[in-house]
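For reference, the structure is listed below as structure tokens.
Where a number appears in this text, it was derived from the coordinates with a stated rule and is not lab data. What you are looking at is a predicted structure, and each value in this text was computed from that prediction instead of being measured. Here the Cβ positions follow ideal geometry from the backbone for every residue, glycine too, while neighbour counts run over all protein chains shown.
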Amino acid sequence: MTAAWWFLGVSVYGALYTLNAYRPFQFPPATGWAFFAHWLTTELAAHHLAWQVLATGVFATLGAFDHWPGWVGLAITVVSWVGLVGLVRAARRVEHDVESALVEGLGEGYREMLRSDPADPVARLPRSRLALPFYFKHRDVRRVADIPYGPHGRRNRLDVWHHRDPAERAPVLFWVHGGGWAVGHKAQQALPMITHMTAQGWVCVSPNYRLSPRAAWPDHIVDVKRALAWTKEHIAEYGGDPDFIVISGGSAGGHLAALAALTPGDAEWQPGFEDADTSVQGCIPFYGVYDFTNRLRSRPKMDDWGFRRFLEQRLVGVTRAEHPEVYAKMSPLDQVRADAPPFFLIHGSHDRLAPVQDAREFARRLREVSGAPVAFAELPGAQHAFDVFHSVRTTHVVRAVERFASWVYATHVGSTGRRAAG
């Protein structure tokens, strides 16, 4: 009888994860758990299914089905399995979602610009990577770590990732880590994308930057621009092309990447290196923050006392009421310009930390003002930071990033009239 009751408890526990993945719990005591449970369940649905099947088999051998609680637990577990299979199928459909976004943004013939089509069918997903979602090593990837780029110690160091057989003037992907402008590290995020792009011949750069509360705005964007200036000056030493950089980032890094892409050469944010070239040729922000004025009222917490206190006292240093121009200038939504580079915005529909409504509005404003292509992929069911580890969804998004970045590179090479790397 004990095994039956234990199995019922485990079944309810597993089913709560599945239910939360479809409809995240909103009541405050469970907010933190709901976020992490949704994140891990939607991206690792197959792993959840595997442990639930394994647990069912173990409890069966212990006699859990000799009593009625065991059969109730089995019914709950079967329903959970059906839900998890649905999550797996939804993740596989992301291939269509991101491709549709690229076709809408770049045109149906965009693949004709690519030297080779990097897209693979679902049947050829790297199963070894998906089985070990936190394993990131790749035999073709080399990392040069902790290169100084500025005067602020370990927060002004960056990593350069390059292929073991580096080409000359390879395209460069510049990644800015997230972490709410207060935490985070250059070697902890976007590793599936960085290793994939490096293995495909790109040179990748990932900097640290100063963090709040020790640093105050605009130190964060100043450091990102300083790292960009360093990249322009030194990346040829690692096989990269200083004339072609696509900037990307996630969350706070998505905000900084978008802002850097829209404000090249802004003297206020380039103190001491005002004349340095900090322009980029493309931008791919993941689940970024695009508005600090909260004009759409899409972020209720921005007006909550706790989050407002963080912004005003720890991040920015001035209040929004007294200095609205500061909050507007740090909002990419207010920096949209006609000569913006091509953008590929990626955002989850279920993002609990960076509202997708702001990403939609940012994409709309970019398309309205910018003369460059804008692609926007809203991923059904995806949570914040979905791309931190290998998953079916992450794999399809990374391949879409490669296609977009390769299209931008091919367009750049065509416009400059020189040969592509490799």
Inset, instruction - Name the most mobile residue of Val160, Val183, Val397, meaning the one with the largest mean-square fluctuation, in a Gaussian network model of the chain with Cα contacts below 10 Å. - result: Val183
Legend entry - Around Pro264: net Lys/Arg minus Asp/Glu count, Cβ-Cβ under 14 Å: -3
Legend entry - Theoretical FRET efficiency, 1/(1+(r/R0)^6), r = Cβ-Cβ of Tyr135 and Val82, R0 41 Å, to 0.05: 0.90
Inset, instruction - Take the chain, connect every pair of alpha-carbon atoms lying under 10 Å apart with a spring to form a Gaussian network, then pick out the residue of Phe244, Phe389, Phe65 with the largest mean-square fluctuation. - result: Phe65
Legend entry - Signed unit charges on C-beta, dipole axis of the chain, positive-most listed residue Leu44, Val336, Trp181: Leu44
Legend entry - FRET efficiency, 1/(1 + (r/R0)^6) with R0 56 Å, evaluated for Ala267 and Ala60 via beta carbons: 0.20
Legend entry - Gain on full stretching of the segment that runs from His47 to Thr319 - 0.36 nm per residue minus C-alpha separation: 93.4 nm
Legend entry - Extension gain, Phe25 back to His234 (0.36 nm per residue minus Cα-Cα distance, nm): 70.4 nm
Legend entry - Unit charges on C-beta of K, R, D, E only; dipole of segment 185-236, Debye: 100
Inset, instruction - Quick one: P(r) of segment 22-153 from all Cα-Cα pairs, 5 Å bins, percents rounded to integers, in order of increasing distance. - result: 2, 7, 10, 12, 13, 13, 14, 10, 8, 4, 3, 2, 1, 0
Legend entry - Calculated FRET value between Glu168 and Arg93, using beta carbons and R₀ = 35 Å, to 0.05: 0.35
Inset, instruction - Decide, for segment 17-98, between rounded, prolate and oblate: order the square roots of the alpha carbon gyration tensor eigenvalues as a ≥ b ≥ c, take rounded if a/c falls under 1.5, and otherwise choose prolate if a/b is larger than b/c, else oblate. - result: oblate
Inset, instruction - Return, for the Cα atoms of segment 99-416, the radius of gyration and Dmax in Å, separated by a comma. - result: 18.4, 56
Inset, instruction - Within segment 202-279, report the GluC sites (Glu not before Pro) that DSSP leaves as loop and that have at most 13 other Cβ atoms within 10 Å. - result: Glu274
Legend entry - Charge context of Arg155, other residues only, Cβ under 10 angstrom, K/R +1, D/E -1: +3
Inset, instruction - Would you mind telling me which residue in Thr31, Thr18, Thr293 has the biggest mean-square fluctuation in a Gaussian network model of the chain, where springs connect alpha carbons within a distance under 10 angstrom? - result: Thr31
Legend entry - Ordering of 78-86, 250-258 by burial proxy (mean other Cβ atoms within 10 Å per residue, highest first): 250-258, 78-86
Legend entry - Percent of alpha-carbon pairs separated by more than 19 Å within segment 314-365: 43
